[in-house]
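Step one of this worksheet: look at the structure below.
The numbers here are math on the coordinates, done by the rules we state, and not lab data. Since the structure is predicted, the reported quantities are computational estimates derived from the model, not experimental observations. Here Cβ is always computed from backbone atoms with ideal geometry, including for glycine, and neighbour counts include all displayed protein chains.
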Amino acid sequence: MRDEMRLLERVQHDLREVRWAAPAELRERAARRRRHAMAGAAIAVLMVAALSAVVTKRLAAPPPPPLAAPLAVPTVAVPSAEIPREALVQPGDLSVSTEPPLGRTGLGEPVQIDQMLLSCHREQGRAADWEMSRYSRSQTLLRSRVDGTEPGLAELLFSQDVYRLTPQVADRIVARIDALLTPCASWLARGEALWEGDIAAMEAEHRWEVTDRDFVGDQALMIEHSVTAVRNLETGESRRQDHLERTAVVRVGDLITVMGLGRDGTARELRRLAAVAAERLCTAANPPC
């Protein structure tokens, strides 16, 4: 019950922060937050081991014995597929104390950047979807609770998803993200949201912008998603908004990571953690750095 109440509190908080979207998009975002940012949420861990088989052939030797010794069958090294926990940003890499990481692993998951991007494309009649990964590992870091204080809604400090890609997807992933961002540089989203305590038909202006690229790793993007203005379609009343989300995307070899900070996070801190992430991904990438 505590987990369910926290989920309802977080959804209500998001509505107050004017993350305006159609009801279906709100459900999608709530499901994603439940997966990544709920304190006390159940953690499903699926460990995937890379298996290899060595096949040897036994050659029949006629009498008399062969003149030369049979050749040994060479052993081919199989690249690691599982993403180790050490390849992610560690709690000690942050400048503040955190609770133990909440995380999970997965198979064949989409490389998600911002779910609202797909809504933007659908409303424009465009076909769009995420690229698919082979394996993934995700984590959420929450601020440490001060001893002696009552449990409350946990504060999100940092979230990270790491995906292992096929070579073909790794080669095109950043260009694909750019293609998704271009038609949504400015987009008016319409749907229902909370306005002064009541649900009303709303319109919100969303903007996506790449503010930096290729600053670390093999490829990198710093993406800003802002909501600059909100209008009540029933009353015509408008409000300015200062909502801003930053996302860092870094590719190293066949790995790509998508990272974000909590509400108090800065662009400088996210860039620093992007550099830390690139260094940690090096040893787990195929081939290694």
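For R251, R231, R85, R134, which order do you get if you count the other beta carbons within 10 Å of each Cβ and list the fewest first? Please report the intermediate quantities before stating the final value.
Details: R251 24, R231 19, R85 13, R134 16.
So the ranking, lowest neighbour count to highest, is R85, R134, R231, R251.
I need T182, T283, T257 ordered by Cβ neighbour count within 10 Å, fewest first. Don't skip to the end; give the middle numbers.
Details: T182 10, T283 13, T257 27.
Taking fewest neighbouring Cβ atoms as first place, the list is T182, T283, T257.
With the Cα gyration tensor of the stretch 147-219 in hand, give its eigenvalues times 5 under a square root as the equivalent ellipsoid semi-axes, listed largest first in whole angstrom. Spell out each step's value before the answer.
Working: eigenvalues 213, 130, 28 Å².
So the equivalent ellipsoid measures 33, 25, 12 Å along its semi-axes.
Beta carbons within 10 angstrom, averaged per residue: use that to sort the peptides 233-245, 211-223, 258-270, highest first. Write out the running numbers ahead of the final one.
On the way: 233-245: 11.9, 211-223: 17.6, 258-270: 15.6.
With the highest mean Cβ count within 10 Å placed first, the list reads 211-223, 258-270, 233-245.
If I stretch the segment between C289 and I199 completely, what's the gain in nm (0.36 nm per residue apart, minus their alpha carbon distance), one decimal? Can you show the working numbers first?
Numbers: separation 90, 0.36 × 90 = 32.40 nm, distance 5.18 nm.
Roughly 27.2 nm would be gained on extension.
Tell me, Y135, Y163 in order of fewest to most beta-carbon neighbours within 10 Å?
On the way: Y135 21, Y163 28.
With the fewest neighbours first, Y135, Y163 line up as Y135, Y163.
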